[in-house]
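Below is one structure, written out as structure tokens; the observations come after it.
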Amino acid sequence: MNKGSSNAAAQARMLDLGVGGMTCASCVARVEKALRKVPGVQEVAVNLASESARVTTTGDALALAPLLRRAVRDAGYEPRAADAALDDAPQSPWAGFAPVGIGLLLCTPLVAPMALLPFGAHWMLPAWLQFALATPVQFGLGARFYKAGWHALKSGAGNMDLLVSVGTSAAWGLSMWLWLTGAASGGHLYFESAAVVITLVRLGKWLETRAKRQTTAAIRALRALRPEVAHLIDWDGEKDLPVDELRVGDRLAVRPGERIAADGVVLAGETQVDESMLTGEPLPVSKGVGARLTGGAINGAARVEMQVSAVGAETVLAQIIALVQDAQAGKAPVQRLVDKVSAIFVPAVLALALLTLMLGWLAGAGAEAAIIRAVAVLVIACPCALGLATPTAIMAGTGVAARHGILIKNAQALEVAHKVDMVVFDKTGTLTVGQPQLTALQVPGGDGDGAQAAADQALAAIAAVQAGSEHPLARAVLDAARQCGLPPAASAHDARAIPGRGAQARVGAWLWQIGSLRWMREMRVDLQAFADFLQAQQAKGATVSVAVARPGEDCADAAAAAPQVRALLAFADAPKPGARAAIEALRAQGVRSVMLSGDGRAAAEAMGQALGLRADRGEVLAQALPSDKARLIAELKNTVPADGASAPRAIAMVGDGINDAPALAAADVGIAMGSGTDVAMQAADITLMRGDLALVAAALDISRRTVRKIRQNLFWAFVYNVAGIPLAALGYLNPVVAGAAMALSSLSVMGNALLLRRWRPGQRPPLQRG
């Protein structure tokens, strides 16, 4: 199943916790350190963009919840409910702007004289008025920086708040000293620097908060799909009931235009259902009696009645939301580097600011200039952009992917997927429609007298053997028998499936065995008389099965008898619409495609040719048993392709069945089709909510674009500090410009990540892969 230890996963418990008041990457490191100290905590991942923490514990996480909240509070932050970042979305985009607006009003008179300098006017407000305007900003609007900085200092760490509070306090304190001692050169003070820096940082944080909420828009949109009320049908008619009170088995009425309250099955009526918000499929889907309904989808113009099959956390919508939240809560591997840098960043900046002060003083710049340079270093070096670079891109990327029917399980899968340069497809049900039909049946004797009767008898017996099977070929046999009006022969006994080979059962006095050509060769069944039939069918890409029978009173006696060929069956399964185009789209991205098939080589190669795959390039792997798939994936990782290309960096496996689960887990990235089994989806890293193979290329494309945004953000965050700190230290940037640049760096990182929200499947892929 999953790649981790199942026992460890069973023992561990996860708890999501909201964390308010974080401002930078150093805050993230501090919260993680505080939570790890709580006994019983196994792993912690804190996300700055979503203001949340995911804690994995070895015991009952709920029992530890009070201790975890206390640890967050003691670290200087505000513990909140897990969904606080989603629920706190303001009704007005200007909520929370009032303190910033007051700061801007108080700062305007302070900076107004600076606007006159280019015109040769040197005028300043009286010192007492500067003090009166700047002090409320410094200790009112800036109080949060002092509080958070003090908590950071007590815990032996540093953060953005400490840098801002120390830097602006130095500028304000220098202004007070110059004013009170009369030592100001030309009467110039620096009250405006302290006040404007605080106001700009607060303005930047307000804008940043608004941008953060856009990264969580996908989850809020999914949560909005869940209606509040359902129409329960009971003995006295219909009555409204809160969705939270629904139970499995309840009978509901779904009125035209309403959202479906829960997962279920249609009991009466026919309608069209819009599932676009869940699967990305733009066209309504027809639903009749027996069809499955998904909670959150929109009913069409007809009233239907349904029976609830899943409620609460078991519904498809709830599981989709959980998957998106899991992906956004986790950390990408590249984030570990950022965490290591952030751990030493603030102490290093404080040391550098002190060094700037000392060297400036010793170089003869004067105490006043040296202090201002040190203040500029402190302000411009705030690590806000570093902390936002990775999580904002991940949240935006996974959110837009979910809106288009691509569910990414975790951040690690997102980062690994961008390296994929080989995709392995399971054939049946993935590249093909998955509904094979019996197209030909050959019995010994060919077309001679009595051939039709022999064929009918064989088909009836084979149908009896396959009566309880869910295998696609078994269903094709049963459908063919029904269409021919053939009731199954005498009921089968001792039925048994032979994994990867076929099935057997006793029908009357005979042991019937129906299975693959490989199984027949293992049993040394002579098929020479059917060579022409085999060659003709395999050339068409058909799958051929053989039915043999052995006489005997029981299975032991029959096993000793020689098998007698009773029939050869040819099955045709059409390529899935769009399969070839999907493979071409992957090829355009530089990704090789490989098909895994249990068919014989000739049949597999014929199907591969229809899909645009070439056997001479190693793109068709035939006669693959289910138990072989994981091994073949491992071999492909170290195999140099026949055309001389390099071995793949990373392999994705695409499948939809239970027998694909080991291969999905063995691949670097497992991709499950949403139309497949739950087992396959649990083993996969990425789930495609509809059976459109074009989403495979789209999933790889969004992963590459997201990783590119992460790298761009980290590059600019690092370059900003590498370039800005020396300029500030040398006196080329005053604190006001440094504050504006610091705020702009965070906003640019957020804005760059939010560009991912414009992504659509089918866009031209990037020219270069990261």
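The values are calculated or read from the model by the stated rules, or taken from the named source; none is laboratory data. Every value quoted in this text rests on a predicted model; they were computed, and no experiment measured them. Counting neighbours? That spans all protein chains shown, and the Cβs are built from the backbone with ideal geometry, glycine included. Quick note on the areas: whole protein, heavy atoms, side chains included, nothing else; ligands and nucleic acids left out. Shrake-Rupley method; radii C 1.70, N 1.55, O 1.52, S 1.80 Å.
What pairs can you find where one residue is in the stretch 171-195 and closer than 21 Å to residue 141 by Cβ, the other is modelled with pLDDT of 85 or more and outside any helix (DSSP H, G or I), and their Cβ atoms are less than 7 Å apart, with a gap of 6+ or different chains?
That search, which allows pairs on different chains as well, returns nothing.
Taking the stated definitions as given, is residue 405 surrounded by fewer than 23 Cβ atoms within 10 Å (Cβ to Cβ) and either under 18 Å from residue 542 (Cβ atoms) or not basic (Lys, Arg) (or both)? Write out each step before concluding.
Values: surrounded by fewer than 23 Cβ atoms within 10 Å (Cβ to Cβ): no; either under 18 Å from residue 542 (Cβ atoms) or not basic (Lys, Arg) (or both): yes.
It is false that residue 405 is surrounded by fewer than 23 Cβ atoms within 10 Å (Cβ to Cβ) and either under 18 Å from residue 542 (Cβ atoms) or not basic (Lys, Arg) (or both).
Residue under question is residue 259, and the condition is that it be farther than 28 Å from residue 761 by Cα and open to solvent by 30 Å² or more (accessible area, probe 1.4 Å); does it hold?
no
Within the stretch 168-226, can you find the residues that are part of a loop (DSSP other than H, G, I, E, B) and either at pLDDT below 75 or crowded, with 16+ Cβ neighbours inside 10 Å (or both)?
Result: 183, 184, 188, 189, 190, 216, 225, 226.
What are the residue pairs meeting all of these: first residue in the stretch 31-48, first residue in a strand (DSSP E or B), second residue of a type in the set (Ser, Thr, Tyr) and open to solvent by 30 Å² or more (accessible area, probe 1.4 Å), Cβ atoms under 6 Å, and 6 or more apart or on different chains?
What qualifies is 42/58.
Confirm whether residue 668 is among the acidic types (Asp, Glu), open to solvent by 30 Å² or more (accessible area, probe 1.4 Å), modelled with pLDDT of 85 or more and within 17 Å of the chain's Cα centre (by Cα).
Yes.
Would you check if residue 278 is open to solvent by 40 Å² or more (accessible area, probe 1.4 Å), assigned to a helix (DSSP H, G or I) and hydrophobic (A, V, I, L, M, F, W, C)?
Against the criterion (open to solvent by 40 Å² or more (accessible area, probe 1.4 Å), assigned to a helix (DSSP H, G or I) and hydrophobic (A, V, I, L, M, F, W, C)), residue 278 does not qualify.
Need a quick list: helices (runs of 4 or more DSSP H) entirely within the stretch 323-407 having at least 1 residues that are more than 29 Å from residue 54 (Cβ to Cβ).
335-362, 367-380
Which of the strands (runs of 3 or more DSSP E) found entirely inside the stretch 486-533 contain at least 1 residues meeting this: basic (Lys, Arg)?
493-498, 502-507
Return a yes/no flag: does the stretch 328-340 have any residue that is open to solvent by 40 Å² or more (accessible area, probe 1.4 Å) and either at pLDDT 85 or above or in contact with a strand residue (DSSP E or B) (Cβ under 8 Å, 6 or more places away or on another chain) (or both).
Yes, the stretch 328-340 contains a residue that is open to solvent by 40 Å² or more (accessible area, probe 1.4 Å) and either at pLDDT 85 or above or in contact with a strand residue (DSSP E or B) (Cβ under 8 Å, 6 or more places away or on another chain) (or both).
Going by what's in this entry, would residue 619 be described as over 30 Å from residue 457 (Cα atoms), buried (at least 16 other Cβ atoms within 10 Å of the Cβ) and under 30 Å from the mean Cα position of the chain (by Cα)?
yes
Select from the stretch 308-326 the residues that are in contact with an Asp or Glu (Cβ under 7 Å, 6 or more places away or on another chain) and without any contact (Cβ under 8 Å) to a residue 60 or more places away in the chain and write down the one among them that is surrounded by the most Cβ atoms within 10 Å (Cβ to Cβ).
This residue is 315.
Return only the number of the condition from (1) in a strand (DSSP E or B); (2) within 28 Å of residue 639 (Cα to Cα) that residue 441 does not satisfy.
Unmet condition: (2).
Filter the stretch 409-438 down to residues that are assigned to a loop (DSSP other than H, G, I, E, B) and under 23 Å from residue 335 (Cα atoms), then give me how many there are.
5
Consider the stretch 72-115. How many of its residues are more than 30 Å from residue 191 (Cα to Cα) and modelled with pLDDT under 65?
10
If a residue has to be within 15 Å of residue 624 (Cα to Cα) and out of contact with any Asp or Glu (no Cβ under 6 Å at 6 or more places or on another chain) to count, how many in the stretch 426-442 make the cut?
Of the residues in that region, 2 qualify.
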